[in-house]
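Below is one structure, written out as structure tokens, with a few remarks after it.
The values are calculated or read from the model by the stated rules, or taken from the named source; none is laboratory data. None of the values given here were measured: they were computed from a predicted structure. Cβ: placed from backbone, ideal geometry, glycine included. Neighbour counts: every protein chain shown.
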């Protein structure tokens, strides 16, 4: 009987010590080491790839924003973003795709409407946008609806409208787009792209200097 109690107590003690040690290693030491390495080597990415302007965080380079005025470069459509109907106290967006098939009449109408708007918004005196000039990313949403970048072609299509709205030379805005065009990762992965938020921050700075 005494041996049984002693063995049970010993096992419980060993289990408790193992719990404390594992909690310390996996719950305290490991997270601190990983966090320290992340902050030391990849501080920007570890903190959410924040973009700052005027001394404050205005967004992330990984998450697109909507509702820019026509003074600024427009992002891709975000038809996949839903609305928060569960807890309406918070203005949450639900990231996702439209789930519409390629031959969906709803999708085709969305694309046609978006194309017509792009043509209308970006046609200014001396520069007319044709329907055939509109690239695919100007009228279609990404899988998440939160794509932060657009193609250089879509950015260039918007140059004349942005220049006119801000009273800037077209050449200056074209250079802005060129300076913010990112090439393929490692030279062969993905496609060239332009981060819309970073471009618009640079545009705002340029317009303030005129």
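You will find that of 100, 62, the residue that is in the same structural domain as residue 134 (by TED's automatic domain parsing), touching a helix residue (DSSP H, G or I) at 6+ places or on another chain (Cβ under 6 Å), at pLDDT below 90 and assigned to a loop (DSSP other than H, G, I, E, B) is 100 and no other.
For residue 143, the stated conditions do not hold, so it cannot be described as outside any strand (DSSP E or B), on the phi > 0 side of the Ramachandran plot and at pLDDT below 95.
One line per residue, one yes/no per condition, for (1) part of a loop (DSSP other than H, G, I, E, B); (2) at pLDDT 95 or above:
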{"residue": "147", "(1), (2)": "yes, no"}
{"residue": "165", "(1), (2)": "no, yes"}
{"residue": "168", "(1), (2)": "yes, yes"}
{"residue": "172", "(1), (2)": "no, yes"}
{"residue": "176", "(1), (2)": "no, yes"}
{"residue": "187", "(1), (2)": "yes, no"}
{"residue": "198", "(1), (2)": "no, yes"}
{"residue": "201", "(1), (2)": "no, yes"}
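Within this structure, residue 196 passes the test of being within 19 Å of the chain's Cα centre (by Cα), closer than 19 Å to residue 64 by Cβ and either assigned by TED's automatic domain parsing to the domain that holds residue 78 or surrounded by 14 or more Cβ atoms within 10 Å (Cβ to Cβ) (or both). Only residues that are farther than 25 Å from residue 123 by Cβ and touching a residue at least 60 places away in the same chain (Cβ under 8 Å): list them for the stretch 159-194, please. Within the stretch 159-194, none qualify. Across the stretch 137-153, the qualifying residues are those that are crowded, with 17+ Cβ neighbours inside 10 Å and free of Cβ contacts under 8 Å to residues at least 60 places away in the same chain, and the one among them that is farthest from residue 114 (Cα to Cα) is 152. Within the stretch 114-131, the set of residues being assigned to a helix (DSSP H, G or I) and either modelled with pLDDT under 95 or in contact with a helix residue (DSSP H, G or I) (Cβ under 9 Å, 6 or more places away or on another chain) (or both) comprises 114, 115, 116, 118, 119, 121, 122, 131. Run down 97, 53, 38, 46 and say which single residue is touching a residue at least 24 places away in the same chain (Cβ under 8 Å), more than 29 Å from residue 133 (Cβ to Cβ) and surrounded by 11 or more Cβ atoms within 10 Å (Cβ to Cβ). After ruling out the rest, the residue left standing is 53. Regarding the stretch 162-182, can at least one residue be identified that is in the same structural domain as residue 71 (by TED's automatic domain parsing), more than 19 Å from residue 65 (Cα to Cα) and in contact with a strand residue (DSSP E or B) (Cβ under 6 Å, 6 or more places away or on another chain)? Checked against the condition, which is being in the same structural domain as residue 71 (by TED's automatic domain parsing), more than 19 Å from residue 65 (Cα to Cα) and in contact with a strand residue (DSSP E or B) (Cβ under 6 Å, 6 or more places away or on another chain), the stretch 162-182 yields at least one hit.
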